[in-house]
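No value in this document is a laboratory result; all are computed from the given coordinates. Remember, predicted model here, so these are calculated numbers, not experimental data. Neighbour counts run over all protein chains shown; Cβ positions are idealised from the backbone, glycine included.
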């Protein structure tokens with residue numbers, strides 16, 4: 001006789017398989033639920049990041065637009081200042097367009113906004129000083145005209161007028177830069193210079209500027225001294241052992257110097273400083289001097 005299959009054993013195996021299938025489905029559902037929750041969390045995080053970027057972009061855009069509006073209120077009869085202010089407005093407009101197009105780093109734009117605001121404050125101070133000077137000169141000229149009518153006061157009035165004219169000529173002969181940028185570089189193996197904001201990579205400092213038109217100063221060779229002031233307040237030392245010069249009536253150190261031939265026309269100049277050691281993190285101040293007078297000042301940051 002043929003043996004019949006063991007029915008209880010077959011039924012037990014079927015129940016086991018069904019239980020395993022149910023367990024697998026439960027595990028699958030738990031995994032799917034976890035992945036769905038994680039995806040929702042990622043979507044929420046991405047939305048918050050996009051909102052922050054949009055807010056930062058709006059803030060930078062408003063700051064730049066406010067600066068342009070303030071520049072429109074600056075009025076001066078000084079042709080050189082008008083040229084410089086026009087160049088600064090163009091720089092702000094270019095940066096504003098880049099920010100609006102989303103083609104520029106917002107972090108870098110915020111740093112540039114800080115520098116541009118400092119430059120604008122300098123123009124406001126200069127214009128106020130010139131306006132004050134013009135008022136004083138107007139008052140002094142009226143007084144001089146009255147004194148010229150008096151025989152006893154003619155000599156004193158003429159000497160005073162001559163001294164004032166000399167002071168104005170000396171002040172007008174000071175060079176100034178219409179644009180001034182500075183930053184750090186590192187050198188690739190092929191010798192190519194690459195911009196960097198990393199202190200660990202920085203090997204050189206590059207400072208480029210445009211000496212503005214000045215019809216008062218004598219043309220010829222001009223010695224430009226550049227001072228690079230580190231975050232701790234010290235001046236980065238020059239390669240020369242004797243790196244002292246006179247500026248603003250005092251003796252101080254310079255980082256590098258360069259002689260240029262200036263012919264009363266705008267002149268593009270770049271100066272390079274090679275670091276003698278590791279550069280520190282923080283903000284660096286770059287000052288330019290000619291004949292002991294400040295030509296321009298700007299800053300850059302290393303992190």
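Need one number: convex hull volume per residue for segment 177-302, Cα atoms only, in Å³.
Given the Cα convex hull of segment 177-302, per-residue volume reads 111 Å³.
Highest mean first, how do 74-86, 188-200 rank when packing is the count of other Cβ atoms within 10 Å averaged over residues?
Values: 74-86: 15.2, 188-200: 10.6.
Listed from highest to lowest mean packing, they are 74-86, 188-200.
Ordered by packing density, taken as the mean number of other Cβ atoms within 10 Å over each peptide's residues, highest first, how do 97-108, 204-215 rank?
204-215, 97-108
Just the number, please: Stokes-Einstein D of segment 183-230 in µm²/s, Kirkwood Rh from C-alpha pairs, 37 °C, 0.692 mPa s.
Numbers: Rh = 13.6 Å.
Reported coefficient: 241 µm²/s.
Just report the Cα centroid separation between segment 260-274 and segment 95-134, whole Å.
After rounding, the separation between the Cα centres reads 23 Å.
Which shape class applies to segment 238-296: rounded if a/c is under 1.5, otherwise prolate when a/b exceeds b/c and oblate if not, where a ≥ b ≥ c are the square roots of the Cα gyration tensor eigenvalues?
Prolate.
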